[in-house]
Amino acid sequence: MRTDLLAENIAGLDEALTAVDAFDRALVTGLLRPQPAQAAGLTELANAVAGTPLAARVAEAAEKAAAGSAGEDHFVALAAARTALLGSVHDALMARVAEASGRPRGAEAVPAPGGRQAANLLAAARSWLSDLARAGWQGIDHDTVSGAAHVVSAMLPDPALRRLATLLDGLAAELAASCPGSALERIPARRWGDLWSRAMLLTVPGVADAPVTGTVTGRLLPLGIDVQEHATAVQAQVHAVFEPADGTAPRLVRASVSVPKPDTVVGAGLWQLLRPHMSLLAAVSDGRSMDLTDMPVTAEGDLLWSDEHARPSAPADAFATARVALPTATDPATAPMDRHPARIAVPVFLEGYSAQRDDEALTFTVAGHPLTVDTDRIPTAGPLTPEAVAASGACIGLLRWDAGTYRFQPLAVETTVRKKAVAIHAGGWAGGTTDKVGVRAEKAATDAVAVLRERAGRLLRK
């Protein structure tokens with residue numbers, strides 16, 4: 001890794017983010033009766049895309065919005081401009097990562113999906129989102145936010161609309177918990193701007209359709225597991241190198257499983273909920289590869305996992321994969337709607353670094369250049385700890401971009417424990433464990449789930 005390249009400025013990056021922030025500030029106070037400062041923010045957004053095919057439509061939309069007369073199509077154009085700017089930031093950051101890692105890049109474009117959706121429900125969602133833009137985050141109240149409820153309930157039964165329905169439901173829940181907006185001391189303008197603009201574009205027919213997929217056959221070599229946990233849901237995402245059976249170049253892929261969960265199940269207990277849905281988790285925990293046969297995969301490298309198309313194979317050490325196979329693996333393409341800096345998570349391998357830890361952060365110095373380690377992303381559902389990362393000599397992780405800088409999220413480390421070289425994985429307990437801490441956590445989760453099932457059965461009997 002050429003970490004020196006990660007520290008260099010990227011031309012145009014700050015200007016693009018400044019334009020996004022200007023539009024987000026306009027959304028804070030709303031576009032029903034814009035003030036001069038909001039009009040200036042809309043103009044800044046339009047100027048930022050002046051040299052693109054969006055120029056004319058966004059310029060018109062910005063003018064109408066500044067006059068307080070924007071319609072739904074104008075809000076869609078503004079959302080598209082904001083998304084395009086963040087997409088350009090994503091592309092610039094990914095180009096720098098590719099240069100720093102030296103790996104080959106994949107296809108530049110992802111095929112557009114095709115399909116049909118219920119236009120009336122999309123129009124209803126677009127109408128609610130337009131009402132939000134007019135009211136602004138400071139102007140939201142329960143009456144405005146509750147307008148999403150009937151749209152979401154009508155969308156959820158349709159699998160083609162479930163992606164948008166989930167997004168609208170989550171946004172509405174966040175806004176409802178923040179009402180009234182006039183009383184908010186701090187408004188997450190970037191986050192709500194992201195959710196609003198993404199939802200607005202998903203109301204355009206065809207955008208939310210299922211991605212184009214193919215199938216792959218070959219050997220899957222896992223690198224590590226990224227765990228993302230919320231109070232009512234958890235996701236495990238396996239990052240791996242796939243070697244096609246036809247001998248073509250290896251490629252980076254992902255396989256994910258998500259499940260709802262009660263908020264009392266945390267830590268190692270999460271694996272009890274995830275294991276039944278993906279045999280790959282046990283293979284990663286056991287240090288094995290998997291043979292895939294006609295496994296569905298998207299153009300973005302996401303395996304649509306089905307245990308019917310996979311079987312455990314020979315032992316495969318993740319660090320051997322990182323040293324030998326990862327440097328030649330092709331990075332996957334990114335779908336247009338996923339081109340956002342927050343979505344960057346690129347598998348990389350580091351060794352030969354020194355670690356420095358202070359009260360605030362852990363930093364790796366690689367070839368004389370610092371790289372911040374994001375220890376907050378290390379899950380409690382595994383044996384990997386910040387202390388083990390600080391004492392490590394080699395590390396597999398994900399390169400991310402957050403708060404204006406590249407950050408490194410550890411997935412596995414090589415370190416020394418009691419004078420013995422060992423590998424510690426964040427997903428080391430995915431397939432089960434004899435570790436005392438893990439066993440206690442799993443038992444506690446088993447007891448919690450048993451109590452919840454008993455109570456649910458009692459309610460059903462009544």
Do you know which residues across region 280-304 are buried (at least 21 other Cβ atoms within 10 Å of the Cβ), closer than 26 Å to Ala335 by Cβ and of a type in the set (A, V, I, L, M, F, W, C)?
Leu280, Leu281, Val284, Met290, Leu292, Met295, Val297, Leu303
Which fully enclosed helices (runs of 4 or more DSSP H) of region 245-332 have 1 or more residues being more than 23 Å from Ala444 (Cα to Cα)?
280-286, 318-324
So which of Thr330, Thr415 ends up being at pLDDT below 95, hydroxyl-bearing (Ser, Thr, Tyr) and under 20 Å from Ser289 (Cβ atoms)?
Thr330
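Given the options Arg103, Arg33, name the one that is surrounded by fewer than 21 Cβ atoms within 10 Å (Cβ to Cβ), more than 25 Å from Asp131 (Cβ to Cβ) and basic (Lys, Arg).
Arg103
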Which of the residues spanning region 441-457 are touching a helix residue (DSSP H, G or I) at 6+ places or on another chain (Cβ under 9 Å) and free of Cβ contacts under 8 Å to residues at least 24 places away in the same chain?
Lys443
If Asp307 satisfies all but one of (1) in contact (Cβ under 8 Å) with a residue 24 or more places away in the chain; (2) in contact with a Pro (Cβ under 8 Å, 6 or more places away or on another chain), what's the number of the condition it fails?
(2)
Quick one: in region 330-350, which of the residues that are farther than 18 Å from Ser197 by Cα and of a type outside the set (Val, Ile, Thr) is surrounded by the most Cβ atoms within 10 Å (Cβ to Cβ)?
Pro347
For region 320-329, give me each residue that is surrounded by fewer than 19 Cβ atoms within 10 Å (Cβ to Cβ) and in contact (Cβ under 8 Å) with a residue 24 or more places away in the chain.
Arg323, Pro327, Thr328
Scan region 381-412 residue by residue and report those that are among the aliphatic types (A, V, I, L, M) and at pLDDT 90 or above.
Leu384, Ala388, Val389, Ala390, Ala391, Ala394, Ile396, Leu398, Leu399, Leu411, Ala412
All conditions in (1) free of Cβ contacts under 8 Å to residues at least 24 places away in the same chain; (2) of a type in the set (A, V, I, L, M, F, W, C); (3) part of a helix (DSSP H, G or I) are true of Ala50 except (3)
Could you give every pair whose Cβ atoms fall below 7 Å, whose first residue belongs to region 14-43 and is of a type in the set (Ser, Thr, Tyr), and whose second residue is in a helix (DSSP H, G or I) and surrounded by fewer than 21 Cβ atoms within 10 Å (Cβ to Cβ), counting only separations of at least 6 or pairs across chains?
Thr29/Gln138
Would you mind stating whether Glu174 is free of Cβ contacts under 8 Å to residues at least 24 places away in the same chain, exposed (fewer than 15 other Cβ atoms within 10 Å of the Cβ) and within 20 Å of the chain's Cα centre (by Cα)?
yes
Could we say that Lys443 is among the basic types (Lys, Arg) and more than 28 Å from Ala231 (Cα to Cα) here?
no
Regarding region 57-68, can at least one residue be identified that is under 18 Å from Ala333 (Cα atoms), at pLDDT 95 or above and assigned to a helix (DSSP H, G or I)?
no
Please determine whether any residue of region 80-95 is of a type in the set (S, T, N, Q), assigned by TED's automatic domain parsing to the domain that holds Leu175 and farther than 22 Å from Thr334 by Cα.
no
Taking region 214-243 and the residues there that are of a type in the set (Val, Ile, Thr) and loosely packed, with under 15 Cβ neighbours inside 10 Å, the one that is nearest to the chain's Cα centre (by Cα) would be Thr232
Consider Ala421 against the criteria (1) in contact with a strand residue (DSSP E or B) (Cβ under 8 Å, 6 or more places away or on another chain); (2) of a type in the set (Gly, Ala, Ser); (3) over 18 Å from Ile225 (Cα atoms); (4) not in a strand (DSSP E or B): it satisfies all of them except one. Which criterion is unmet?
(4)
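The values are calculated or read from the model by the stated rules, or taken from the named source; none is laboratory data. Everything numeric here is computed off the predicted structure, so don't read it as measured data. Note that we place each Cβ from the backbone using ideal geometry, even for glycine, and neighbour counts take in every protein chain shown.
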